[in-house]
Every structure is written in C-alpha cells, then in structure tokens.
Ligand code: GLP
C-alpha cells in the first residue's frame, strides 16, 4: 500500500487530480470507478478545470459509480446519479451514455445488482477506482460485516451512515436505508485504487484501513490485500497512524527514486 500524507484537503485534491490526469493521458479510454460523498468533490472541480482548459479529455472514458440509494430514481436530487451529473459529468466532455450508476429505482434491485456487476466485467474491468471512506470504515456502501469477497448487491445501511448522510436530506424527506453497492471483491478487482480521506472525523477509519487487521469490521482494510492501492490523506486524517513518520519518509524516497 502506498500511503501519502499531505498537509491539507487542497493538497489531497491536487494529488488526486494529477493522478487522474496521468491515468487519462496514459490511457485515454480508461474505465474509471467513481465515488460520491464530499471527499471527491474538490477533485472533480479540478478535473472539470483541467478538461475545460483542454489539458485532459474524457471523450473516450467509461465510468462506473460505486453505489446508489434504493428508492431514488436518477432524476431525484439526492440520487448519486444526480450528484455525478451535477458535480462532474455535466461539465466535462464525457459521453453520458458511457457513464454508469446502478439504477436505484429498478423494479428488481437484486437483478439490477447482477446486471451491473456483469456490465463492469463486460467493459473489461475498472482501471482506476476512486474511493472515499465512511467514518465506520465503509467503502462504497460496503458497511462493516460486508464479505471481503462480496460482489454488487443490496446492502442495508448502518444507523451511523444514515445519520452521516442525513445532512443531504431535508428533515421531512424520505431517506433511503438500503443501497445497491459494488462489492469489496468488485473493488479489489480494479487495477488501481485511490482512496481519499480528509479531516479528523476520518482518522479512526484511516487507522483501521491502513494499520488495522484485515477485517470485515473495517471494510477499507481489505485494501491491504490490493497490489496497487494508494491512500491519500491529510494531516488530520493521518493523526492516529503510528507509522506516519515511516510513511512520510517512504513517500519521499518514492519521489526521489522516481526522479533518479
Ligand atoms: C457515502 C458513500 C461513500 C463515501 C462516504 C463518505 O456513504 N456511499 O462512497 O465514501 O459516504 O462520504 P464523505 O466523503 O462525504 O465523508
């Protein structure tokens, strides 16, 4: 695992933007795994800027989002499809027909999960998977107790996740309690994984992800089993790591060796 500790959230977004731009320059028809939540928003803003300045193109990109709420159609303001259109897709040169988000309004959610998983595989698998992390260590909507081998399926959300995400919903608005999410096994199949975490509220989850035992109790810890996982955090999110100094030194050496 490559652990990159940067000063603040701005630096994390800059790093992630460079990482995506490098990926797209090396492979313009990349299959990207994309994420929602507040963590990727600053990255998406930077990618929009880079695209509008002509520094990078998404015209040959295919994307698959991690998850969607069950019960919300794509045109619902709190759906993850709507989020992606608003925060990224509407502002870049991507072909919307090649952007995929599970259908939260599908009549048969289980069948939709099977279809979505097959669609990812038929496209050739994900080249670069972006992740945030929940305060309880979830990735996508793979809550604690998720099988580390899980594929796309229906998952019931924990009370803590429902509470954390309630900030997006009005007090009297329907808030889903279940979601379709790609599995931990699906995520681990991506060629590369880039996880972003910022702020002190994520420090415990980051510790579990990076230094904890590989365990369903912290789904993000499964990334320890991935060959090309890069975890990018700010100082606050890194504050509980005991290996912080080593990680900073190793990252410095990584840069020096790349430049040599
Ligand atoms: C949601 C999403 C996750 C995301 C998490 C953290 O539960 N399903 O993909 O990582 O929230 O969100 P935030 O980045 O807003 O803290």
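Would you order 1, 225 from fewest to most other beta-carbon atoms within 10 Å of each residue's own beta-carbon? Before the final figure, lay out the partial values.
Details: 1 17, 225 12.
Fewest to most other Cβ atoms nearby, the residues stand as 225, 1.
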> Quick one: length gained pulling residue 95 to residue 122 fully straight, 0.36 nm per residue minus the C-alpha distance?
Replying inline: 7.9 nm
>> Quick check: Cα centre of the stretch 102-149 to Cα centre of the stretch 29-47, how many Å?
In response: 16
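In square nanometres, what is one fourth of the surface area of the convex hull spanned by the alpha carbons of the stretch 2-259? Mind dumping the intermediate values first?
Working: hull surface 52.6 nm².
Mean projected area of the Cα convex hull: 13.2 nm².
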> Quick one: 89, 15, 141, 64, fewest Cβ neighbours within 10 Å first, how do they rank?
Replying inline: 15, 89, 64, 141
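Normalising by the residue count of the chain, find the relative contact order in percent from Cα pairs under 8 Å and 6+ residues apart.
Details: 528 pairs, mean separation 64.8, N = 260.
Value for the chain: 25 percent.
Given the peptides 151-161, 130-140, 196-206, 173-183, arrange them by the average over their residues of other C-beta atoms within 10 Å, most packed first. Please list the in-between numbers first.
On the way: 151-161: 18.0, 130-140: 24.5, 196-206: 21.5, 173-183: 20.0.
Order by mean packing, descending: 130-140, 196-206, 173-183, 151-161.
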>> Suppose we keep just the DSSP beta bridges with both residues in the chain; what percent of those would be antiparallel, to 5?
In response: 30
> Sorting 63, 166, 30 on the 10 Å Cβ count, fewest up front, what's the list?
Replying inline: 166, 30, 63
> Using alpha carbon centroids, what distance separates the stretch 218-257 and the stretch 49-90, in Å?
Replying inline: 28
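No value in this document is a laboratory result; all are computed from the given coordinates. The structure presented is a predicted model; accordingly, all values stated were derived computationally and were not measured. Positions of Cβ are backbone-derived with ideal geometry, glycine not excepted, and every protein chain shown enters the neighbour counts.
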